[in-house]
Amino acid sequence: MPDCDSKIGKSIEYLTFFAVLTRLHAIMSTSTTPKVNIEQLASLCKRRGFIFQGSELYGGINGFWDYGPLGVELKRNIKDAWWRDTVQRRSDVVGLDAAIIMHPRVWEASGHLEGFSDPMVDCKTCKGRFRADQLESTSCPQKPSKLVGACGGDLTEAREFNLMFQTFVGPVRDDSSVAYLRPETAQGIFAQFDNVLSVSRQKVPFGIAQIGKAFRNEINPRNYTFRSREFEQMELEFFIKPGTDADWHEYWVQARMDWYTSIGIAPEHLDKYVYGSDELAHYASACVDIMYQFPFGLQELEGIAARGNFDLSRHSEFSGKKLEYFDQESNERFIPHVVEPSAGVDRIALAVLCEAYQVEWIPKEGTGGDVREAVPGEKMPDGYEERTVMRFAPTVAPIKAAIFPLLKNRPELVQTAQDLYASLQQRWPVFYDQTGAIGRRYRRQDEVGTPFGITVDFETLENQTVTWRERDSMAQERIPIAEVADRLAAALA
Ligand code: GAP
């Protein structure tokens, strides 16, 4: 339930002018400068198979993205890391995979049917439709140097636009068969609270976690994949005893901040936005957004809200079924409160891509000098060459290691390299490449963020050692071929 984001909570209780100013200040006051140009990143993502425009063959469809061979691995690694840390390594959280389409009454109970909307204006001049609350950052499609409204276009009054995608269930298309693609995964968890509680032998406090697709018919999808119409969420509903809300909220904010650094996001690129009491939905007692310094500004990755017992109470009211918990220790019956950390997979993937992307100038072999970060608009110094490197943390890197025979026309090198590749492939996504000069092969892997390169050369045939190359430092060392798997396992632990 999006009480943290600009959806239901805020459309019910509009932000005060002061709250907007406070928020703007928090967003503008960051000192960290984004190092990546989003157009260059998008170009690399397309060229190397991370992200493609959805339906590109037919001219594309706005707000929908496809993840290519490397993108799908990256996203899977992010989801696996979240699932491992949020579910599998804890004994107080269990998982769920609920259907995308749910009974339409769910969305009445949750408040989405009534209030899940953004304010929209039409431009009578250019026929464009825009978010009324984002006019100050939206360029006019006809005159891109001007903002919508300032371009002289004739705008209508703002009106509310519900973001849920509608569909019909079964062969008859009438009011009785209307259903919705879920705009968040959370409601599936609330609706199955009782079933999960009865089968999982969990006691409050405990959580139910889910990863899955969500759909929002955003008025203006923008900033690459940041605001899409189809995206994935990773949501945890952590059910707690009333009165423990503040402590658990604090716990989860810290746990989630730590998780971002564990997947390679630098702490100085993260920030927290703490909601003021005048910004909270009426049922929430606290809300914090975890923000990342994207190239287009400081923006939300995840919201962590203390939502009281609003959701379970509403589903109880609308379904007519009691959704309560009996605490044997205190002999009390109550509707649990909930703390909800709610993250977007696509936004995290975009943050991980931004964080990893680096263009460097490196001294050509034998010329000496230090590696320098490339400065956009400046000429590269003589004796240097450019390297683009994706510095993914090994746990999220799509390919964990690349295996190269030094020369492709030496069968004994090729055979040894292929044997090593085949054995590592049983445990990790690894890549084999025998084409081109070894330096170019290293560069190709740097550009897709492969943390380690392993080269089989003539010395391998003599003493069973290989060259182990580290992507970030480009340092090389010789290690026994028998130690390669252990090295990799240690780096990925
Ligand atoms: N159940 C709470 C909820 O859905 P939200 O703030 O609306 O809260 C949670 O969404 C997270 O889902 C956001 O922090 C963001 O990462 C992701 N998200 C929301 N709308 C999105 C969109 N249009 N495109 C991509 N990610 C989105």
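The values are calculated or read from the model by the stated rules, or taken from the named source; none is laboratory data. A quick note: this is a predicted structure, and the numbers were derived from the prediction, not measured. Don't worry about glycine lacking a Cβ; one is built from the backbone with ideal geometry, like all the others, and counts go over all protein chains shown. For the accessible areas, the whole protein counts, side chains as well, though only heavy atoms, and no ligand, DNA or RNA atoms are used. Shrake-Rupley method; radii C 1.70, N 1.55, O 1.52, S 1.80 Å.
Table for the structure above
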{"read-out": "Cα shape, the stretch 399-492, gyration tensor, a/c 1.5 rule", "value": "rounded"}
{"read-out": "Helix axis angle, 17-28 relative to the chain longest principal axis, alpha carbon, degrees", "value": "10"}
{"read-out": "The chain, dipole about Cα centre (Lys/Arg Cβ +1, Asp/Glu Cβ -1), debye to the nearest 20", "value": "1140"}
{"read-out": "Probe 1.4 Å, all protein chains present, accessible-area order of T167, T455, T435, largest first", "value": "T435, T167, T455"}
{"read-out": "√(5λ) per eigenvalue of the Cα gyration tensor, the chain, largest first, Å", "value": "44, 30, 21"}
{"read-out": "Per residue, in Å², the accessible surface of the chain once ligands and nucleic acids are set aside, probe 1.4 Å", "value": "47"}
{"read-out": "Among G243, F326, L113 - extreme Cα towards positive end, dipole of the chain, charges at beta-carbon", "value": "L113"}
{"read-out": "Set of lysines with alpha-carbon distance to K322 below 18 Å, sequence-local pairs under 8 removed", "value": "K203, K241"}
{"read-out": "Accessible carbon and sulfur surface of the stretch 207-319 relative to its total accessible area, %, 1.4 Å", "value": "48"}
{"read-out": "Prolate/oblate/rounded label for the stretch 329-442 (Cα gyration tensor, a/c 1.5)", "value": "oblate"}
{"read-out": "Anchor K79: lysines whose Cα lies under 21 Å away (excluding residues fewer than 8 positions away in-chain)", "value": "K213, K400"}
{"read-out": "Estimated dipole of the stretch 399-492 in Debye, rounded to 20 [Cβ of Lys and Arg +1, of Asp and Glu -1, Cα centre]", "value": "340"}
{"read-out": "Helix-only mean residue ellipticity at 222 nm for the chain, each DSSP H run of n ≥ 4 adding -39500 (n - 2.57), per residue, nearest 500", "value": "-9000 deg cm²/dmol"}
{"read-out": "For K400, solvent-accessible area (1.4 Å; no DNA, RNA or ligand), Å²", "value": "10"}
{"read-out": "Considering only the stretch 399-492, percent of DSSP beta bridges that pair antiparallel, nearest 5", "value": "55"}
{"read-out": "Cross-link reach list, lysines versus K272, counting only Cα pairs under 21 Å and skipping chain neighbours closer than eight places", "value": "K7, K10, K35"}
{"read-out": "Derived scalar couplings ³J(HN,Hα) [the stretch 276-285; Karplus, 6.51 cos²θ - 1.76 cosθ + 1.60; whole Hz; x for Gly, Pro]", "value": "x, 4, 7, 9, 7, 4, 4, 8, 8, 9"}
{"read-out": "Surface share of carbon and sulfur [accessible, 1.4 angstrom probe, percent] for the stretch 399-492", "value": "51"}
{"read-out": "By average C-beta atoms within 10 angstrom, highest first, the peptides 244-250, 346-352", "value": "346-352, 244-250"}
